[in-house]
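Asker: Here it is, the structure in full.
The values are calculated or read from the model by the stated rules, or taken from the named source; none is laboratory data. Quick caveat, the model's predicted, so the values are computed rather than measured. Note: ideal-geometry Cβ built from the backbone for every residue, glycine included; neighbour counts use all protein chains shown. With ligands, DNA and RNA removed, areas are computed over all heavy atoms of the protein, side chains included. Shrake-Rupley method; radii C 1.70, N 1.55, O 1.52, S 1.80 Å.
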Amino acid sequence: MKTLITELRPAILATVVLAAVTCGAYPLLITAIAHTVFKDKAHGSLITGPNGTVIGSALIGQNFTAENHFHPRPSAAGSGYDAASSGGSNLGPTSQKLHDAIRERITAYRTINGLAADAPVPADAVTASASGLDPHISVANAGLQAARVAKVRNLSVEKVKELIAANTERSILGPSVVNVLKVNLDVERVSQPVSPMP
Amino acid sequence: MHATDWLQFALFLGALTLITKPLGLYLLQVLDPAGRTWLDPVLKPLEKLTYKLLGVDPRREQDWKQYTCAMLAFSLAGVVFTYAILRLQGVLPFNPQGLPGLSHHLAFNTAVSFMTNTNWQSYGGESTVSYFSQMVGLTFHNFTSAAAGIGIAAALVRGISNRKTNFQVRSPNAHDGSPNPTNLEVRFTLGNFWADLVRCTYYLLLPICVVFAIFLVSQGMIQNFDPYTKVKTLEGAEQVIAQGPMASQIPIKMLGTNGGGFMNANAAHPFENPTPLSNFFQMLAILAIGSGLTYYLGRMVKNQAHGWAVWAAMMVLFVGAAVTCAHFEAGERVFQLVPETATTEPTSLETRFTLDGNMEGKETRFGTFGSSLFATVTTAASCGAVNAMHDSFTPIGGLVPLFLMQLGEVVIGGVGAGLYGMLVFVVLAVFIAGLMVGRTPEYLGKKIQAKEVKLAMLSLLVLTASILGFTAWACVSDWGVVGLNNAGPHGLSEMLYAYSSTTGNNGSAFAGLTANTPWYNTTLGFAMLIGRFLMIVPVMALAGSFAAKQAAPAGPGTFPVHGATFTILLIGTVLLIGALNFLPALALGPIVEHFLMGKGGLF
Amino acid sequence: MSHKPTPLFDASILVPAIGGAFQKLDPRLMVKNPVMFVTLVGAVLTTVSIFTARTDYGFIIQLSLWLWFTVLFANFAEAVAEGRGKAQADSLRKARKDTMARRLHNSAESSVPASALEKGDLVVCEAGDVIPADGEVIEGIASVDEASITGESAPVIRESGGDRSAVTGGTRVISDRIVVRITSEKGNTFLDRMIAMVEGAKRQKTPNEIALTILLSAMTLIFLLVTITLKPFGIYSGITFSTPVLVALLVCLIPTTIGGLLSAIGISGIDRLIRRNVMATSGRAVEAAGDIDVLLLDKTGTITIGNRMASDFRPANGVTEHQLADAAQLASLADETPEGRSIVVLAKEKFNIRGRELAHPHAIFVPFTAQTRMSGVDLDGRSIRKGAADSMKSHIEGQGGTYPAEVAKAVEAASRAGRTPLIVAEGCKVLGVVELKDVVKGGIKDRFARLRKMGIKTVMITGDNPMTAAAIAAEAGVDDFMAQATPEDKLQRIRAEQAEGHLVAMTGDGTNDAPALAQADVGVAMNTGTQAAREAGNMVDLDSNPTKLIEIVEIGKQLLMTRGSLTTFSIANDIAKYFAIIPAMLMATFPVIAPLNVMGLASPQSAILSAVIFNALIIIALIPLALKGVTYKPMGAAAVLHRNLLVYGLGGVLVPFVGIKAIDVLITTLHLA
């Protein structure tokens, strides 16, 4: 006990000194370097839309419900794609709620994309992501939506598939994925002057 | 598992193997106050200045009690520091969102959580804590709790090893100039806590973090003090994007096996883990130091084969766990949907819906394998960062991280904590099997006797008591059951996971559990304190006891602590002594759930 | 004392042991063994629940019966081990039947009961008397029959002074008369301590046993937590676990196998030692024997047969070997030492020179004296002398003779080869050299090789010069030797080895060995040795056979190995028991977990019962192993570990799967569950 008290002095001093180094000097150094070398990324990889305003982040998923857009995954972040309240559904495999939700989403997905009643549905299309902000969908998911988007936009399916390919991110360390916001931006760009549907 | 998954797995294991030796050698220098590193020109003046400000002499070695007291005093100062910051964050700077101070129980839980290297998140990152709280209140512990953990492990290794400096003889009367040779005091020492703390922070953690942080920013991680960005989305909706000084916090979160996320979604958040590459290096960072410490062990005890044998036991358990988890998460028929009109067997419709694995609660860019591997890594170590929601894993996929934590996170483990946890199992394995070779059991020449067995078993007993005791309490209490997000066996898993995670100082969660309530915050806080300190104190006593023992020279009759037999023995001990205790509870949680899921059971 | 191996299951031991098993149910005794105490409490709880249960009476009654059996079987194991010890004690006790002692008091003799003797009393023993208590001969010499202690029928000589002065109470004087000073306290004679040891009455737990008990107790505590918390988990899951079922799970999980056999293993370890006529003063010493890694062995009597024998004649130039042999034989005719006789025999064997009449009218025999350091004979004007090289050299040169160079060479060569050269000379002419050789005991080299495999270093202690010592060391295959060693050197050596962390064992018999015996971790005193030596050591070998040390080490190792192996076995058993009980406990509420019932046990009740029955029966099944000890083979630690892990680790995982299934089939067939 006596030792404990004698060690309190260095303990308090160590707290102050190490805090100054690890919580003061260190983050400021990182901030300085980040802002010099990767300014854009350090601020969130924000994307500026056609009209000059920031329309989102390349890394943060946002919700798309219109038929002329590729749809992202279901989101459990806040009321959906709330980028200030990330999170997943946290529903387990034997959850009635999750079970019902997935069944509904499958039906909806098949309906909107004109699929047969027993067509396989990509898992990512009907399950909520971990962050609720997943910016990607699987290539298969994008492929199944291509026909619908092409039809609504009066584009050829091939053209849309080209755009999907252009926005597919590949890595040997993970699956190939399609960035929804970026592909939708490209779709808008090539189908101008048609304005986004409400 | 696909071929690409195996490739990723092989790359990961290969990379981990490759960094083990260099890191171990570097640790050897860092953990020696007289050690030399190539960073000396930059950091030596800072180190010296720090000792001067603290008023400590890094060469003055401490015995186990002094070392432990220093560690406890430092933890106490740190927890008060962070508790104060969290309570007062409303009036502190770097709070662009104007977030208010935390409630007393949440502040207690969070301060304890970070001080104990648990980083359990009862709070939601972006919605609860300010930039200042993150950067100062929490990041401080990310560094120091990791450094302290490494120090404890180093102290134990020093005790086990037969160092010449293991004891100091001094005369209590020396200060009055009349040393009395008949009244000499022999102290068996284990190093100096302050030196270990400062050197680990400066030479090991900080330099790697700087490089790692820049890399992470290059992958898309944010680092700013901006207020949250308001954007109008392509479809015209409003979206508020959380920002903050994240890149400085994440490297140490991984490297120090802390795991407390900057954002609520932790490493699943696209800012916090932007690419598969960042995911790969974050996983590697989690296991790096723990892996290197096994090499350090081998060097220190002058038996490198022993270091590798311990490492091999860890890796066998790790590979087994990762493959099991990935297998179940990648299963093609994870959910068996019950048709609305079904009155008969639900299996008849299963083929109507083909899922490529369980993607609920997982990010597309990581896939099921990247998520399963991360879940295994984060619970093998006591990290607790998550890139997928464990709560939504399949029952057996979720059992893997739960089980790894209940083993005491000795599979590589938390920085330091993993090694000293594993060494407790080594002591027990050597004791039981050592008798079998017909000698009083010896670990590296040091006899394992009643005292050592007592201390080793004490730390196991405490672990079991905390996990099972608190879970049992919660599951028959209103406050416990009301926080559940899932009913049925999965609900039991949520509670079991919470107390396993906090007792194991992991911090990951079956996050559906609403833990931000006075009861949960308090009991989980105590589980974290028990898991950290009631483990460390016996371990340090063990270190002190070993330090005082004379090592018998090795011979053909010496119990071999290297080679395949020892590795198998160690694995057997970890599984039999460490895990059997949790089997009944697991049977009622994930195991029953697994079979129920197969029959379409829902809750 | 009988030296026939007592059969493991002798009715005279088994029957009282059954009674003993019940007597040991006394909670005050049970509480010393936490594992079995918990089992006892479980048995009581289950028995009580027979009366509170509403259904399943048959099941609960059977369950409680088997739980009681579990406790009783463990007690039985201990009782059998103690019974075997008692059988030995009884035969010892016969020797202690109260004899009358002839006490000397101021040179007056009085007859008192032996039990009334005090330490320091003097007693007289003559032919036919039983020595009343341990003591030291202070006057006279006698032959003593020590068969009651050692089982050896040949009498031994006991005389005052020197290293053969100690006598043991209960032994019988066969010839002559001695006066003995009693050295033991009343009721604390060697025999008393021996009886107490074998009966296990004063048995104290040894360090390893204490450590193991802590491990087992902690595991019991952990499993107690596991079982108790299962109740609330059940409440959450909607299952009511009944007390008997929880007790069954608990008893199956706690290490009852090793817990039940632990003390039997310890008692039988000491028992095995006594069967080899070694008395340990504490169980701790037996355990330490297993840890020994350095053995200090006296050359004479342990490594060599004790006497040097003439092996070769090496004549000087111009002398035939026959002439040398003849002269050497003449010089040795009157030499009654074994060395002298061996010269006579060798000459006879080699050249058929018959030993001549000693009563030669003109023969004058010159005996060996410490001054001349030679002996010989003066016969018909011939003066033949033999002696050590240096003394003979000065003798010859003193007479004006020359000491031939080739002889000096032969002397050196002999010494280098570990032999003792004796110079034979006639007048001032050197005839040649007789080589005497130490004869290494047959088979000793193999024994040392075995010890080396066990990781034990052997060090030979000898008073010989380094050259001789090195040669014998090489021939006997010891790892190291100490030449020209004094008792002080021995002590120094032991301290040095211990300072390096070695554990040292040695044997000794002389009073000057006492400090070294006390310093050694295992000091085995010869029963023929002095009282001081016997007091200093922590073991006494009643056969006074220095090679016994090797067996002692093996027994010590076997004791520890048996403990470790049964602990491993006990813990490994838990896996199968989980697979039997957990599915059974959950089956009623969650029938979906049926696939977990990998053994395909008939019903939940039969599963639980089978596991509990297996758990009880395995204790009985392993009693022979506990008493005999696991098979010991001298191998390196790595090989032993490998083997025992396979047998007791893997075996411990697999055996119960088979056993529980078999019991399940049996009790289902018998409609017991």
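Asker: Taking the condition of being of a type in the set (Asp, Glu) and more than 18 Å from C:Pro634 (Cα to Cα), how many residues in the range C:540-565 meet it?
Answerer: Here the count works out to 2.
Asker: What tally of residues in the range B:548-564 results from selecting those that are surrounded by 18 or more Cβ atoms within 10 Å (Cβ to Cβ) and either modelled with pLDDT of 95 or more or facing another protein chain (nearest Cβ under 7 Å) (or both)?
Answerer: Residues meeting the conditions: 6.
The rows are residues; the columns are (1) open to solvent by 50 Å² or more (accessible area, probe 1.4 Å); (2) in the same structural domain as A:His99 (by TED's automatic domain parsing).
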position: A:Ala14; (1), (2): no, no
position: A:Ala19; (1), (2): no, no
position: A:Gly24; (1), (2): no, no
position: A:Leu29; (1), (2): yes, no
position: A:His35; (1), (2): yes, no
position: A:Gly56; (1), (2): no, yes
position: A:Ser75; (1), (2): no, yes
position: A:Ala84; (1), (2): no, yes
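Asker: Let me ask something else about it. Please enumerate the residues belonging to the range B:404-437 that are within 14 Å of chain C (Cβ to nearest Cβ), more than 17 Å from B:Val539 (Cα to Cα) and in a helix (DSSP H, G or I).
Answerer: Selection gives B:Gln406, B:Ile432, B:Ala433, B:Gly434, B:Leu435, B:Met436.
Asker: What number of residues within the range C:369-389 satisfy the criterion of being at pLDDT below 85, among the charged types (D, E, K, R) and within 50 Å of the chain's Cα centre (by Cα)?
Answerer: The qualifying residues number 1.
Asker: Run down A:Asn51, A:Asn63 and say which single residue is over 15 Å from the mean Cα position of the chain (by Cα) and part of a loop (DSSP other than H, G, I, E, B).
Answerer: A:Asn51
Asker: So which of C:Leu491, C:Leu451 ends up being in a helix (DSSP H, G or I), of a type outside the set (Ser, Thr, Tyr) and within 11 Å of C:Leu295 (Cα to Cα)?
Answerer: Among C:Leu491, C:Leu451, only C:Leu451 is in a helix (DSSP H, G or I), of a type outside the set (Ser, Thr, Tyr) and within 11 Å of C:Leu295 (Cα to Cα).
Asker: Within the range A:32-42, does at least one residue satisfy the condition of being part of a loop (DSSP other than H, G, I, E, B) and either within 17 Å of A:Ala125 (Cα to Cα) or within 7 Å of chain B (Cβ to nearest Cβ) (or both)?
Answerer: Yes, there is a match, as at least one residue in the range A:32-42 is part of a loop (DSSP other than H, G, I, E, B) and either within 17 Å of A:Ala125 (Cα to Cα) or within 7 Å of chain B (Cβ to nearest Cβ) (or both).
Matching residues to (1) in contact with a helix residue (DSSP H, G or I) (Cβ under 6 Å, 6 or more places away or on another chain); (2) under 16 Å from C:Leu422 (Cα atoms):
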position	(1), (2)
C:Thr304	no, no
C:Asp312	no, yes
C:Pro315	yes, yes
C:Ala331	no, yes
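Asker: Only helices (runs of 4 or more DSSP H) wholly contained in the range B:59-144 count here; list those with 2 or more residues that are of a type in the set (Ser, Thr, Tyr), under 19 Å from A:Gly24 (Cα atoms) and open to solvent by 10 Å² or more (accessible area, probe 1.4 Å).
Answerer: none
Asker: Further question on the same structure: Go through the residues of the range B:283-295 one by one and say whether even a single one is surrounded by 24 or more Cβ atoms within 10 Å (Cβ to Cβ), within 9 Å of chain A (Cβ to nearest Cβ) and either closer than 24 Å to A:Lys182 by Cα or of a type in the set (A, V, I, L, M) (or both).
Answerer: No, there is no match, as no residue in the range B:283-295 is surrounded by 24 or more Cβ atoms within 10 Å (Cβ to Cβ), within 9 Å of chain A (Cβ to nearest Cβ) and either closer than 24 Å to A:Lys182 by Cα or of a type in the set (A, V, I, L, M) (or both).
Matching residues to (1) more than 22 Å from C:Ala288 (Cα to Cα); (2) in contact with a Ser or Thr (Cβ under 9 Å, 6 or more places away or on another chain):
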| position | (1), (2) |
| --- | --- |
| C:Asn208 | no, yes |
| C:Ala211 | no, yes |
| C:Leu215 | no, yes |
| C:Ala218 | yes, no |
| C:Ile228 | yes, no |
| C:Ser237 | yes, yes |
| C:Val245 | yes, no |
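Asker: Hey, another quick one. Every residue in the range B:289-303 that is under 14 Å from B:Ile208 (Cβ atoms) and in contact with a helix residue (DSSP H, G or I) (Cβ under 6 Å, 6 or more places away or on another chain), please.
Answerer: Passing the criteria: B:Gly290, B:Ser291, B:Gly292.
Asker: Only one residue in A:Ala14, A:Ala20 is at pLDDT 90 or above and at the interface with chain B (Cβ under 8 Å from one of its Cβ atoms), so which one is that?
Answerer: The conditions single out A:Ala14.
Asker: Collect the residues in the range C:597-613 that are open to solvent by less than 50 Å² (accessible area, probe 1.4 Å) and either closer than 16 Å to C:Val245 by Cβ or at pLDDT below 90 (or both), keeping them in residue-number order.
Answerer: Residues satisfying the conditions are C:Asn597, C:Leu601, C:Ser603, C:Ser606, C:Ala607, C:Ile608, C:Leu609, C:Ser610, C:Ala611, C:Val612, C:Ile613.
Asker: Which residue pairs have Cβ atoms closer than 9 Å, lie 6 or more positions apart in sequence or on different chains, and pair a first residue in the range B:222-241 that is more than 7 Å from chain A (Cβ to nearest Cβ) and touching a residue at least 40 places away in the same chain (Cβ under 8 Å) with a second residue that is of a type in the set (Asp, Glu) and open to solvent by 10 Å² or more (accessible area, probe 1.4 Å)?
Answerer: Pairs that qualify, where the first residue is more than 7 Å from chain A (Cβ to nearest Cβ) and touching a residue at least 40 places away in the same chain (Cβ under 8 Å) and the partner is of a type in the set (Asp, Glu) and open to solvent by 10 Å² or more (accessible area, probe 1.4 Å): there are none.
Asker: Let me ask something else. Checking the conditions here, which among B:Leu583, B:Leu588, B:Leu596 is at pLDDT below 90, facing chain C (nearest Cβ under 9 Å) and in a helix (DSSP H, G or I)?
Answerer: B:Leu596
Asker: Here's a follow-up. Condition first: modelled with pLDDT of 90 or more, within 9 Å of another protein chain (Cβ to nearest Cβ) and open to solvent by 20 Å² or more (accessible area, probe 1.4 Å). Can you find one or more residues in the range A:105-113 that meet it?
Answerer: no
Asker: What single numbered condition from (1) crowded, with 20+ Cβ neighbours inside 10 Å; (2) within 11 Å of another protein chain (Cβ to nearest Cβ) fails to hold for A:Arg170?
Answerer: Among (1) crowded, with 20+ Cβ neighbours inside 10 Å; (2) within 11 Å of another protein chain (Cβ to nearest Cβ), the lone unmet condition for A:Arg170 is (1).
Asker: Grab the helices (runs of 4 or more DSSP H) fully contained in the range C:214-309, keeping just those with 2 or more residues being within 13 Å of another protein chain (Cβ to nearest Cβ) and charged (D, E, K, R).
Answerer: Those helices (runs of 4 or more DSSP H) span C:283-291.
Asker: Another one. Closer than 21 Å to C:Leu549 by Cα, hydrophobic (A, V, I, L, M, F, W, C) and surrounded by fewer than 20 Cβ atoms within 10 Å (Cβ to Cβ): which single residue out of C:Ile270, C:Ile292, C:Ile305 fits that description?
Answerer: That would be C:Ile305, the only listed residue that is closer than 21 Å to C:Leu549 by Cα, hydrophobic (A, V, I, L, M, F, W, C) and surrounded by fewer than 20 Cβ atoms within 10 Å (Cβ to Cβ).
Residue-wise test of (1) within 7 Å of another protein chain (Cβ to nearest Cβ); (2) among the aliphatic types (A, V, I, L, M); (3) under 20 Å from the mean Cα position of the chain (by Cα); (4) within 21 Å of A:Cys23 (Cα to Cα).
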site	(1), (2), (3), (4)
B:Cys200	no, no, yes, yes
B:Val217	yes, yes, no, yes
B:Gly220	yes, no, no, no
B:Gly256	no, no, yes, yes
B:Gly259	no, no, yes, yes
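Asker: While we're looking at this one, here's another question. How many residues does the range A:123-152 contain that are open to solvent by 10 Å² or more (accessible area, probe 1.4 Å) and in contact with a helix residue (DSSP H, G or I) (Cβ under 6 Å, 6 or more places away or on another chain)?
Answerer: Of the residues in the range A:123-152, 3 are open to solvent by 10 Å² or more (accessible area, probe 1.4 Å) and in contact with a helix residue (DSSP H, G or I) (Cβ under 6 Å, 6 or more places away or on another chain).
Asker: Out of the residues in the range C:457-471 that are open to solvent by less than 30 Å² (accessible area, probe 1.4 Å) and either at pLDDT 85 or above or in a strand (DSSP E or B) (or both), which is farthest from the other protein chains (Cβ to nearest Cβ)?
Answerer: Here the answer is C:Ile461.
Asker: It is to be established whether one or more residues within the range C:19-32 are modelled with pLDDT of 90 or more, under 12 Å from C:Val247 (Cβ atoms) and open to solvent by 40 Å² or more (accessible area, probe 1.4 Å).
Answerer: No, the range C:19-32 has no match at all.
Asker: Let me ask something else about it. Return the residue satisfying two criteria in turn: it lies in the range C:542-568 and is open to solvent by 20 Å² or more (accessible area, probe 1.4 Å) and more than 10 Å from chain B (Cβ to nearest Cβ), and of such residues it is modelled with the lowest pLDDT.
Answerer: Looking at residues that are open to solvent by 20 Å² or more (accessible area, probe 1.4 Å) and more than 10 Å from chain B (Cβ to nearest Cβ), I get C:Pro546.
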